[in-house]
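Structure first, then comments.
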Amino acid sequence: MFNLILFGPPGSGKGTQSDKLVDKYGLKHLSTGNLLRQEIADKTPLGLEAKSFIDKGQLVPDEVVIGMVDSFFDLHKDAKGFLFDGFPRTAPQAVALDKLLDLKETGISAVLALEVSEEELVKRLLNRGKTSGRSDDTDEAVIRKRFAVYNSETSAVADHYKKSGKFQSVKGEGSIDDIFASLCKAIDARMH
Ligand code: ADP
């Protein structure tokens with residue numbers, strides 16, 4: 001299996017690039033943000049719980065997200081690899097993911113981190129908020145809160161994978177196609 005983590009702050013382009021990467025490499029896309037938004041749209045108990053955190057720019061509790069990922073694996077037992085987008089977001093999530101993959105006798109192949117300046121990120125998110133219908137993208141205070149959470153909790157995930165030499169930064173500014181080409185180059189180097 002080839003299992004990729006696409007890493008980076010809110011608005012760094014993970015969703016956009018994920019769509020292109022899963023097409024090219026035949027990976028199964030696991031976006032915890034998308035799964036949570038689907039739960040909210042379906043008005044499930046999990047969705048209702050998650051919404052209260054998401055609307056404040058906070059993380060959904062680890063056990064909720066990890067349970068969701070575990071169920072996703074059960075649904076996609078035949079996948080030839082996964083692309084993780086927006087997960088893991090905390091050190092305990094990274095440890096849990098290692099364990100779940102270990103049970104499948106596989107592991108993380110690479111962690112690619114999109115690097116984008118905070119100024120550009122705020123611009124992109126406010127822009128996305130105009131059309132996406134995502135309430136967490138329309139309020140600049142909520143956006144700033146998400147960056148604070150990213151810096152305080154999610155950056156620990158990078159340290160987790162730096163230790164194993166799987167972490168690589170990629171420039172996340174420029175055209176979508178140029179960024180995609182940089183990601184593909186990094187993936188191809190690690191696949192062969
Ligand atoms: P973005 O990266 O643009 O913030 P996402 O769609 O990945 O967007 O996530 C939106 C929100 O969903 C996050 O702000 C957070 O509240 C929640 N969320 C998504 N993934 C996770 C996760 N792995 N752990 C905890 N909360 C999550």
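Any idea what the dipole of region 1-150 comes to, in debye rounded to 20, about its Cα centre with Lys/Arg Cβ at +1 and Asp/Glu Cβ at -1?
On the way: 21 positive and 23 negative charges, 73 e Å.
Magnitude of the dipole: close to 340 debye.
Suppose the chain between I176 and D159 were pulled fully straight at 0.36 nm per residue; how much longer would it get relative to their current alpha carbon spacing?
Roughly 3.4 nm would be gained on extension.
For the chain, which DSSP H helices look membrane-span-like by this rule: Cα extent along the axis of 30 Å or more and mean Kyte-Doolittle of at least 1.6?
Taking the DSSP H segments of the chain (at least 30 Å long, mean hydropathy at least 1.6), we get none.
Using modelled amide H (1.01 Å from N, peptide plane; none on Pro or chain starts), what sits under 5 Å from the amide H of G8, excluding residues fewer than 5 places away?
L114
What order do L36, L103 take when sorted by accessible area (1.4 Å probe), most exposed first?
These residues rank, largest area first, as L103, L36.
Spin-label point model (7 Å from Cα, Cβ direction): what's the R144 to K24 distance in nm?
Each label point lies 7 Å from its Cα, and together they span 3.7 nm.
Select from F147, F82, F53 the residue whose mean-square fluctuation is largest in a Gaussian network model of the chain (Cα-Cα springs shorter than 10 Å).
For the chain, modelled as a Gaussian network with Cα springs under 10 Å, the answer is F53.
What is the Cα convex hull volume of region 106-192 when expressed per residue in Å³?
Measuring per residue, one finds 126 Å³ for the Cα hull of region 106-192.
Can you give me the % of accessible surface on the chain that is carbon or sulfur? Probe 1.4 Å, all protein chains present, nothing else counted.
On the way: 4970 of 9660 Å².
The C+S portion of the solvent-accessible surface of the chain is 51 percent.
If you roll a 1.4 Å probe over the heavy atoms of the protein chains, what accessible area per residue do you get for region 83-158, in Å²?
Values: 3610 Å² over 76 residues.
Using a 1.4 Å probe on heavy atoms only, each residue of region 83-158 averages 47 Å².
Starting from 0.36 nm per residue, how many nanometres of slack lie between V64 and E118 once their C-alpha separation is accounted for?
Extra length available between V64 and E118 comes to 16.6 nm.
Helix-derived [θ] at 222 nm for the chain: sum -39500 (n - 2.57) over DSSP H runs of at least 4, divide by residue count, nearest 500?
-17500 deg cm²/dmol
What ratio of Cα Rg to 2.2 N^0.38 Å holds for the chain?
Numbers: Rg = 15.9 Å, N = 192, 2.2 N^0.38 = 16.2 Å.
For the chain, the normalised Cα radius of gyration comes out at 0.98.
The values are calculated or read from the model by the stated rules, or taken from the named source; none is laboratory data. Note that the structure is predicted; figures quoted are calculated from it, not measured. Cβ sites come from the backbone with ideal geometry, for glycine too, and all protein chains shown count toward neighbours. These area figures cover heavy atoms from the full protein model, side chains too; ligands, DNA and RNA do not enter into them. Shrake-Rupley method; radii C 1.70, N 1.55, O 1.52, S 1.80 Å.
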